[in-house]
Amino acid sequence: MKNRLKVARAEKDLTQEGLAKRIGVSRQTINSVETGRYIPSALLALKMAAVFGKPVEELFMLEESDW
């Protein structure tokens, strides 16, 4: 799964730490999601989308290999 978290954070001038605090996870979790090592739960993805005011589909996209 691809994601646009790093871009979305840059647009809002938000650090990994800042995003982590807003949604109640560790900075390491945010880093793992951004680098594709961790696929977030639906709840976590929805929280991230809410912070950025975007639909989940704008932040997370399936890749061919996900099928």
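Numbers for the structure displayed
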item: With DNA, RNA and ligands ignored, accessible area of residue 58 (1.4 Å probe; Å², nearest 10); result: 90
item: The chain, accessible area per residue, ligands and nucleic acids excluded (1.4 Å, Å²); result: 65
item: Solvent-accessible area of residue 9 with every protein chain in place, 1.4 Å probe, in Å² to the nearest 10; result: 30
item: Accessible heavy-atom area order of 66, 13, highest first, probe of 1.4 Å; result: 13, 66
item: Accessible surface of residue 15 - all protein chains present, 1.4 Å probe, nearest 10 Å²; result: 80
item: Pairwise label distance in nanometres, residue 57 with residue 7, each label 7 Å out on the Cα-Cβ vector; result: 1.6
item: From the coordinates shown, P(r) over Cα pairs in 5 Å bins from 0, in percent corresponds to which of (i) 3, 13, 12, 13, 11, 9, 11, 9, 5, 5, 4, 2, 1, 1; (ii) 4, 18, 33, 30, 11, 4, 1; (iii) 3, 16, 28, 27, 19, 7, 0; result: (ii)
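The values are calculated or read from the model by the stated rules, or taken from the named source; none is laboratory data. This structure is a prediction, so every number in the text was calculated from the model and none was measured. We place every Cβ from the backbone using ideal geometry, glycine too, and count neighbours over all the protein chains shown. Areas reflect the complete protein model, heavy atoms only, side chains present, ligands, DNA and RNA absent. Shrake-Rupley method; radii C 1.70, N 1.55, O 1.52, S 1.80 Å.
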